[in-house]
Amino acid sequence: TKVTPAGVVNVSAELLVIAPPGFTFICPLTRTVYMPEFAVPVPSNVICEIDHNNEALRNQLSLFFPDGIRAKTRYALTIDLVNAKLSELNLARNTFRLVTRLDAVEIEDAVVPGFLLAKRMDNTRFWSLPLRQNFFPELQKNEVTFYIGTTEPIAVDTILEVKAPRGFVFADVCTEDVSYPGGPLGLPGVIDLPNIILCQSLAYEDVLKNYTAHILLSGPWLLGTTAISVKVTNPMRTPEINFWGFTIMTRDHVPLQSEARVYGFEIAVVIDPHIVPAIIGNGVSREAAINTLEVSFELTTLMPRRGDRRNQIVLTGPEGFRFPPVCRFFSHTTDKPEHTALHEDTQCAGNNRSELVLTLPLFRPLENKTRYAFRISVINPDETFTEVDVPERWWKIQTRSSTIDYVDSTRDIPSFPVVHRVSFIQVDTLSAVGLNSTTYRFLFRTAAPLPPKNVITISPPPGFKFGGLTNQQCIDVDPMIIKRQFDNDFGLKALIAGVTRLPEWMVCRVDRVRNVVTLTNEEPLLGGRPLINGPVFEFFVMNSTNAEATPAPGLNLFTVEAQTLVDYGMEMFAGEGWTIYPELLLTQVDTSNPGFGLYTNFTFTLQTVTRVPGGGSIRIESPEDFYFGPLIETDENRYDPLVSAPPPQGAMLDPRPVGSIEGCGVLRPPGWICPFELTPCEELAKLEELQSIGYTLT
């Protein structure tokens, strides 16, 4: 700090970077993608300043560190630099000077050699040749072609430096991998390339430079556009800085012409894959841990519709995970607006090991840049682990158009941890009606003791809500009263032996914000009692609300996480919920004749929550004194056209038919719209849709 007329002000440490004359910088700083070894990024609050209006100072960059510059710390930063004109480069002053200053007083400095400049190339670019190139990740010998445009002839023997984006790899000796794609049978309209003598990767200097190759050429460069093909090993994914660089230099490495920002191509990866588990508990002897995965991803490459091959998605898990041959809980959609469903006729098959194959019907494409998602069940391994981003725990997603023609691939998807399972969990309810407020009963047993101050957390399935009381407590009555309701009144007595109530030091709370129930061991850390493993404990949560409808298969789970003394400090598993009986919506009954005891037409209005499948039914029950059926005729009320007086009306005292009555007369009300999906019509629509996309019907 220093004292000024305005008071005490903070003096920031400064790093001054002085470039050679003619150069200038562009603020702000950009993110350093490839961090040097042992370096740290500069703090985010560093202030970048350049005086572009002063010709003498425009080559000076000032970086102010409000929190100071730490000693013996290797900083790294990235900033855009504008090169000087080639004619203005002064080789005698071609250095960069770095100075640390405090209040304009120099503290330390260093001088770094600059670099030589070259003339720019013209129209140098990547040229896509689908029959030669293959962008599959980590593919060796991928042949890519570039146009190289010179701005003036070069008469001397030269070196062409090809610098690929980091991640690509040239062979140590790459002479066989470099070729001229022009000529009578090659690319039209390109001039000859000088003769290729030798190609060598710079990995012999530094193994980290294996993405750069020097190609020795003999003969002149003509003015115009030529082309070159090189073979490289693709990286695992598209590099973050995806620019190729080409420099023509003399044999003593003096640059003549250069183009450093030639945009490359995207590697055919599965973009941003996500694998979200429902259960992370492990399997135990004679009891598998069936887990439901939600898998979502995007593709780089469009897989078009074809009539001779079916597009496939292959999901491969780490060793220990197992996909059964019968795909339980498979769903082609997640019903989320941000996800695109697979085709409803997608076939699913596991190999009873770690591979799952989803096969789309013929003529069904997989679009690129589209977020697909599906759900599938997998059996978790018995082994527990928490290191998830290591090669032996990676998941892999691939697409293919046949069993061998792979298109997109990503093999380094981090797994989810697998921890010890809670020994036992069961959840019951007093009411299974949708959106009904009721009481839940939980029975659980941990595999290890729960130490003092540790917590058990229970989360409900989607749509369920824990209520509790206004003071966050779970119940406000004696738990034995609620227990008698379950055991005696509703016949839900626990079938497992050894059920006991929670100790008084275990406190049950409802967190409505997170929609979870927590059980906390409130004993003191020193000398406190643990919640022992072995017994099955029972507790209740009042004022909870059911979901409107039964959650999707594999998601109707109450999950339990317990911070016990097992390895990794956590147990986890889930208990099945119950089938929800939804309440109909917008129900209404109207009558055309409100007279007592008279015949009438009833109009029923209703809206279902879930789909009624084929073969299902809608059941309507009336009060006991109502009658559904045809007109009951007796000798007294039968209409006789020869009698002038009409017969008496009303059926309250007439004997009613016994048993079921056929033909009760269902009529269409005004404004009626058919609510039924007729199976023949659905099949016809599918056939017409297949015919519209090119499928030949037989």
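How large is the convex hull of the C-alpha atoms of the stretch 293-451 per residue, in Å³? Could the numbers behind the result be given before it?
Working: hull volume 26.7 nm³, N = 159.
Cα convex hull per residue, to the nearest whole number: 168 Å³.
The amide H of residue 139, built 1.01 Å from its N in the peptide plane, has 234 as neighbours under 5 Å, considering only residues 5 or more places off or on other chains.
Each of the peptides 117-123, 226-232, 28-34 was scored by the mean count of other Cβ atoms within 10 Å over its residues; in descending order, highest first, they stand as 226-232, 117-123, 28-34. Computed over neighbours whose Cβ is under 13 Å from that of residue 240, the net charge equals +2, Lys and Arg +1, Asp and Glu -1. Per-peptide packing, taken as the mean over residues of other Cβ atoms within 10 Å, places 352-359, 412-419 in the sequence 412-419, 352-359 from highest down.
Stokes-Einstein diffusion coefficient for the chain at 20 °C in a medium of 1.002 mPa s, Rh from the Kirkwood formula over Cα pairs: what value in µm²/s?
The calculation lands on 64 µm²/s.
Mark the label point 7 Å from the Cα of residue 172 along Cα→Cβ and return the residues of the stretch 178-210 whose backbone N is within less than 15 Å of it. Within reach of a label on residue 172: 199-210. Taking amide H positions as modeled 1.01 Å from N, with prolines and chain starts lacking one, the residues under 5 Å from residue 129 and 5 or more places away or on another chain are 145. Using a cutoff of 8 angstrom between alpha carbon atoms and counting only pairs six or more residues apart, the relative contact order for the chain works out to 8 percent. Computed over the stretch 585-698, the range of Cα coordinates on each principal axis works out to 70, 36, 30 Å, biggest value leading.
Phi-derived couplings, Karplus 6.51 cos²θ - 1.76 cosθ + 1.60 at θ = phi - 60°, listed residue by residue for the stretch 223-229: 6, x, 10, 10, 8, 8, 10 Hz, with x used for Gly and Pro.
Spread over its residues, the convex hull of the C-alpha atoms of the stretch 182-310 is 253 Å³ per residue.
Electrostatic tally near residue 369: other residues with Cβ closer than 13 Å to its Cβ, Lys and Arg +1, Asp and Glu -1, net -4.
Restricting things to alpha carbons, find the Rg to Rh ratio for the stretch 429-495 using the Kirkwood radius for Rh. Before the final figure, lay out the partial values.
On the way: Rg = 14.0 Å, Rh = 14.3 Å.
Value, to two decimals: 0.98.
With one equal scatterer per alpha carbon and no solvent term, the Debye-computed log10 I(q)/I(0) for the stretch 467-626 at 0.10, 0.19 1/Å reads -0.62, -1.42. Summing +1 for each Lys or Arg and -1 for each Asp or Glu among the other residues whose beta-carbon sits under 14 angstrom from that of residue 382 gives -1. Using only Cα atoms, what is the ratio of the radius of gyration of the stretch 121-214 to 2.2 N^0.38 Å? It is 1.14.
Kindly state, to the nearest 0.05, the FRET efficiency for residue 82 paired with residue 105, given R0 = 25 Å and r defined as their beta-carbon distance.
On the way: r = 29 Å, r/R0 = 1.16.
E(calc), rounded to 0.05, equals 0.30.
Phi angles of the stretch 53-67 translate, via the Karplus equation with coefficients 6.51, -1.76, 1.60 and θ = phi - 60°, into HN-Hα couplings of 7, 9, 4, 7, 10, 5, 8, 10, 10, 10, 10, 9, 9, x, 9 Hz per residue; Gly and Pro are given as x. For the stretch 446-480, backbone nitrogen atoms closer than 20 Å to the point 7 Å from residue 526 Cα along Cα-to-C-beta are found at 451-454.
Alpha carbon centre of the stretch 1-78 versus the stretch 307-375: separation in Å? Centre-to-centre distance over Cα atoms comes out at 51 Å.
Can you compute the FRET efficiency between residue 198 and residue 387 using 1/(1 + (r/R0)^6), with r the Cβ-Cβ distance and R0 = 35 Å? Round to the nearest 0.05.
On the way: r = 45 Å, r/R0 = 1.28.
E(calc), rounded to 0.05, equals 0.20.
Given the C-alpha centroids of the stretch 379-412 and the stretch 218-255, what is the distance between them in whole angstrom? Centre-to-centre distance over Cα atoms comes out at 35 Å. Residues in the stretch 542-552 carry Karplus couplings, in order, of 8, 6, 8, 10, 6, 5, 5, 9, 4, x, 4 Hz; the curve used is 6.51 cos²θ - 1.76 cosθ + 1.60 with θ = phi - 60°, and Gly or Pro positions show x. Each 10 Å bin from zero up to the one holding the largest Cα-Cα distance in the stretch 79-153 carries the following percent of pairs: 13, 23, 22, 21, 15, 5, 0. Scanning residues 5 or more positions from residue 431 or on other chains, those with amide H under 5 Å from its amide H are 439, with H placed 1.01 Å from N in the peptide plane.
Would you kindly work out the equivalent ellipsoid of the stretch 1-101 from its C-alpha gyration tensor and give its semi-axes, the square roots of five times the eigenvalues, largest first in whole Å? Walk me through the numbers before you get to the answer.
Details: eigenvalues 133, 77, 29 Å².
Its equivalent ellipsoid spans semi-axes of 26, 20, 12 Å.
Shape annotation for the stretch 412-525: C-alpha extents along the principal axes are 52, 36, 32 Å, from largest to smallest. Taking every alpha-carbon pair in the stretch 319-407 and binning the separations at 10 Å intervals from zero gives 14, 42, 36, 8, 0 percent.
At a threshold of 8 angstrom on Cα-Cα distance, excluding pairs fewer than six apart, so keeping six or more, what relative contact order does the stretch 126-221 reach in percent? Working shown, then result.
Details: 153 pairs, mean separation 30.9, N = 96.
The normalised contact order for the stretch 126-221 reaches 32 percent.
For residue 661 and residue 576 in one chain, what is 0.36 nm times their gap in residues minus the Cα-Cα distance, to one decimal in nm? Walk me through the numbers on the way to the answer.
Details: separation 85, 0.36 × 85 = 30.60 nm, distance 4.10 nm.
That works out to 26.5 nm of additional length.
Compute the acute angle (0 to 90°) between the alpha-carbon long axis of helix 679-692 and the principal axis of greatest extent of the alpha-carbon atoms of the chain; round to the nearest 10°. Here the helix axis deviates by roughly 20 degrees.
Assuming a viscosity of 1.306 mPa s and a temperature of 10 °C, what translational diffusion coefficient in µm² per second does Stokes-Einstein assign to the stretch 42-133, Rh being the Kirkwood radius over Cα pairs? Don't jump to the answer; show the numbers that get you there.
Values: Rh = 17.0 Å.
Stokes-Einstein gives a translational diffusion coefficient of 93 µm²/s.
Read the figures in this text as sums done on the coordinates, not as results from a lab. Since the model is a prediction, treat every value here as computed from it, not as a measurement. Virtual Cβ from ideal backbone geometry, glycine too; neighbours counted across all protein chains shown.
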